[in-house]
Amino acid sequence: MDRRTLLRSAAAVVLAPAACAAASGCGVTRQSDTGASGPLTGLRMIVGNSPGSGYDITARTAGKAMTASGAARGLEVMNISGAGGTIGLSRLVNARGNGRLLMMMGLGVVGAVFTNRSAVGLADTTPLARLIEDPSAIVVPKDSRLRDLRDFLRAWRRDPDGLSVGGGSSPGGPDHLLPMQVAEAAGIDPTRTRYIGYDGGGELLTALLGSKIDVAATGIGEMADQIATGDVRVLATTGTTTVEGLDAPTLADEGIDVSAVNWRGVVAAPGIPAERRERLVGALRTMRDSKEWKDSVRRNGWTDAFVHGEEFEDFLAEQNAKVAGTLKRLGLAR
């Protein structure tokens, strides 16, 4: 997919719950695609941060693949930024019964619920499916004085406050948790590290290339173009194995016992009928099996991780407990 298409923002329309209740079409009564076959119509997908973020890229890629596969006829992406995605999450939860409103989410939203003390959580939504896993990376600008991971860790140990580490997520998100975990494993006090959060990968990239931060923790797919052109260098990746096509070690290869893989999935508004949930899951399954989607997964360096139903619900509960424990250790959650 053309990067300019991925970065094109859709208008973010935020409807208050009362207005939604009064407006026709907010519930399931006006859905014309409630039959058992044919493409879904009128779908909208919330992205909880800005254009260019991992969620945004995944949502727009999914929309294109759903249309190409015949699973849906168009899908509008709505960027509702703020509070690590929890403003968008509140918008979804307040649209109870709306079977056309979805949200692209992942590990960052799980953490943001805790760090922002959100009144709503993912347990208040209708889980549909996990789509992909996205290994993260520690990257620097091409001209950085930090030549490799060992060089970075030496400088970080000498002066934890002196190096700025940026990420495309708020505290509690994957880009924040990754450097905190690496610091712990490297014998650095995480509370002394200087983390700067940005609203998605687009803002993070601008900060990195503009020398506003020294190092970035981010999903590989979010900087795929810049990695390919050599504008940024990958010091290490975070999966259990090296990433095909990348000349970079894993953290484990360098003696850092941290394995961190981000993931993304889709949830729907609460209170939708079981039949509607099955139709939405079926559309995502059709998309997942399409050539358009498979090509995009490969191009972005993602890994197919499709699960749905009870397996996805159990996964969300496990992630919720795991993130809560980590954030409590860091003093970021009660």
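Which residue pairs have Cβ atoms under 9 Å apart, sit 6 or more places apart or on different chains, and have a first residue in segment 140-153 that is within 17 Å of ALA185 (Cβ to Cβ) and in contact (Cβ under 8 Å) with a residue 40 or more places away in the chain and a second that is among the hydroxyl-bearing types (Ser, Thr, Tyr) and part of a loop (DSSP other than H, G, I, E, B)?
Cβ pairs passing all conditions: PHE152/SER144.
Before we move on, is THR286 touching a Ser or Thr at 6+ places or on another chain (Cβ under 9 Å), among the polar types (S, T, N, Q) and buried (at least 17 other Cβ atoms within 10 Å of the Cβ)?
Values: touching a Ser or Thr at 6+ places or on another chain (Cβ under 9 Å): yes; among the polar types (S, T, N, Q): yes; buried (at least 17 other Cβ atoms within 10 Å of the Cβ): yes.
Yes, satisfied.
Within segment 203-212, which residues are under 21 Å from the mean Cα position of the chain (by Cα) and either surrounded by fewer than 18 Cβ atoms within 10 Å (Cβ to Cβ) or closer than 22 Å to TRP156 by Cα (or both)? Working first, answer last.
Our first condition is that a residue be under 21 Å from the mean Cα position of the chain (by Cα); within segment 203-212, this holds for 203-208.
LEU204, LEU205, THR206, ALA207, LEU208 - these are the residues of segment 203-212 that are under 21 Å from the mean Cα position of the chain (by Cα) and either surrounded by fewer than 18 Cβ atoms within 10 Å (Cβ to Cβ) or closer than 22 Å to TRP156 by Cα (or both).
When the residues of segment 240-258 are narrowed to those that are within 15 Å of LEU149 (Cα to Cα) and small (Gly, Ala, Ser), which ends up surrounded by the fewest Cβ atoms within 10 Å (Cβ to Cβ)? Talk me through it step by step, then tell me what you get.
Here is the first cut: in segment 240-258, the ones within 15 Å of LEU149 (Cα to Cα) are 242, 246-258.
If we keep only those that are small (Gly, Ala, Ser) too, we end up with 248, 252, 255.
Numbers: ALA248: 20, ALA252: 17, GLY255: 12.
So, considering only residues that are within 15 Å of LEU149 (Cα to Cα) and small (Gly, Ala, Ser), the one surrounded by the fewest Cβ atoms within 10 Å (Cβ to Cβ) is GLY255.
Quick one: which of GLU275, GLU292 is over 25 Å from PRO141 (Cα atoms), part of a helix (DSSP H, G or I) and open to solvent by 70 Å² or more (accessible area, probe 1.4 Å)?
Numbers: GLU292 fails: open to solvent by 70 Å² or more (accessible area, probe 1.4 Å).
None of the others qualify; the one that does is GLU275.
Go through (1) in a strand (DSSP E or B); (2) at pLDDT 95 or above; (3) within 23 Å of ARG233 (Cα to Cα) one by one and return the number of the condition SER136 breaks.
Evaluating SER136 over (1) in a strand (DSSP E or B); (2) at pLDDT 95 or above; (3) within 23 Å of ARG233 (Cα to Cα) leaves (2) as the failure.
Could you tell me which numbered condition MET104 fails, if it satisfies all but one of (1) modelled with pLDDT under 95; (2) in contact with a Lys or Arg (Cβ under 7 Å, 6 or more places away or on another chain)?
Failed condition: (1).
Assuming PRO270 fulfils every condition listed in (1) touching a residue at least 60 places away in the same chain (Cβ under 8 Å); (2) within 27 Å of SER90 (Cβ to Cβ); (3) within 22 Å of the chain's Cα centre (by Cα); (4) not in a loop (DSSP other than H, G, I, E, B) apart from one, which condition is it?
Checking PRO270 against (1) touching a residue at least 60 places away in the same chain (Cβ under 8 Å); (2) within 27 Å of SER90 (Cβ to Cβ); (3) within 22 Å of the chain's Cα centre (by Cα); (4) not in a loop (DSSP other than H, G, I, E, B), the one that fails is (4).
Hey, among the residues in segment 123-181 that are under 28 Å from VAL297 (Cα atoms) and either touching a His at 6+ places or on another chain (Cβ under 6 Å) or of a type in the set (Lys, Arg) (or both), which one's most open to solvent (accessible area, probe 1.4 Å)?
Looking at the filtered set, the residue picked out is LYS142.
Can you spot a residue in segment 204-220 that is modelled with pLDDT of 95 or more and more than 20 Å from GLY52 (Cβ to Cβ)?
Yes: segment 204-220 contains one or more residues that are modelled with pLDDT of 95 or more and more than 20 Å from GLY52 (Cβ to Cβ).
What about ALA236, is it in contact with a Lys or Arg (Cβ under 7 Å, 6 or more places away or on another chain) and in contact (Cβ under 8 Å) with a residue 12 or more places away in the chain? Let's see the steps before the verdict.
Values: in contact with a Lys or Arg (Cβ under 7 Å, 6 or more places away or on another chain): no; in contact (Cβ under 8 Å) with a residue 12 or more places away in the chain: yes.
Here the answer is no, as ALA236 does not meet what is asked.
Out of (1) open to solvent by 10 Å² or more (accessible area, probe 1.4 Å); (2) at pLDDT 90 or above; (3) farther than 26 Å from ARG299 by Cβ, what's the single condition that is false for THR191?
Checking THR191 against (1) open to solvent by 10 Å² or more (accessible area, probe 1.4 Å); (2) at pLDDT 90 or above; (3) farther than 26 Å from ARG299 by Cβ, the one that fails is (2).
Among the listed residues GLY271, GLY255, identify the single one that is at positive phi and touching a Lys or Arg at 6+ places or on another chain (Cβ under 7 Å). First the steps, then the outcome.
Numbers: GLY255 fails: touching a Lys or Arg at 6+ places or on another chain (Cβ under 7 Å).
It is GLY271.
Given (1) surrounded by 21 or more Cβ atoms within 10 Å (Cβ to Cβ); (2) within 27 Å of MET66 (Cβ to Cβ); (3) among the hydrophobic types (A, V, I, L, M, F, W, C), where does ALA224 come up short, assuming only one miss?
(1)
Any idea which of (1) within 19 Å of ALA155 (Cα to Cα); (2) touching a Ser or Thr at 6+ places or on another chain (Cβ under 9 Å) is the one ALA216 doesn't satisfy?
So ALA216 meets the others, but not (2).
Go through (1) in contact with a strand residue (DSSP E or B) (Cβ under 7 Å, 6 or more places away or on another chain); (2) surrounded by fewer than 24 Cβ atoms within 10 Å (Cβ to Cβ); (3) hydrophobic (A, V, I, L, M, F, W, C) one by one and return the number of the condition ALA119 breaks.
It is condition (1) that ALA119 fails.
Are any residues in segment 227-239 closer than 30 Å to MET45 by Cα and loosely packed, with under 15 Cβ neighbours inside 10 Å, and if so, which ones? Give the derivation first.
Within segment 227-239, the subset closer than 30 Å to MET45 by Cα is 227-228, 237-239.
Residue satisfying the conditions is ALA228 alone.
Among the residues that make up segment 109-127, is at least one of them more than 21 Å from the chain's Cα centre (by Cα) and either farther than 18 Å from ARG44 by Cα or not in a strand (DSSP E or B) (or both)? Spell out the reasoning first.
We begin by selecting, within segment 109-127, every residue more than 21 Å from the chain's Cα centre (by Cα); these are none.
The answer is no, given that none of the residues of segment 109-127 is more than 21 Å from the chain's Cα centre (by Cα) and either farther than 18 Å from ARG44 by Cα or not in a strand (DSSP E or B) (or both).
The values are calculated or read from the model by the stated rules, or taken from the named source; none is laboratory data. Because the structure is predicted, anything quoted here is derived from the model rather than measured. Because the Cβ atoms are built from the backbone with ideal geometry, glycine has one as well, and the counts that use them run over all protein chains shown. Surface areas here come from the heavy atoms of the whole protein model, side chains and all, with no ligands, DNA or RNA. Shrake-Rupley method; radii C 1.70, N 1.55, O 1.52, S 1.80 Å.
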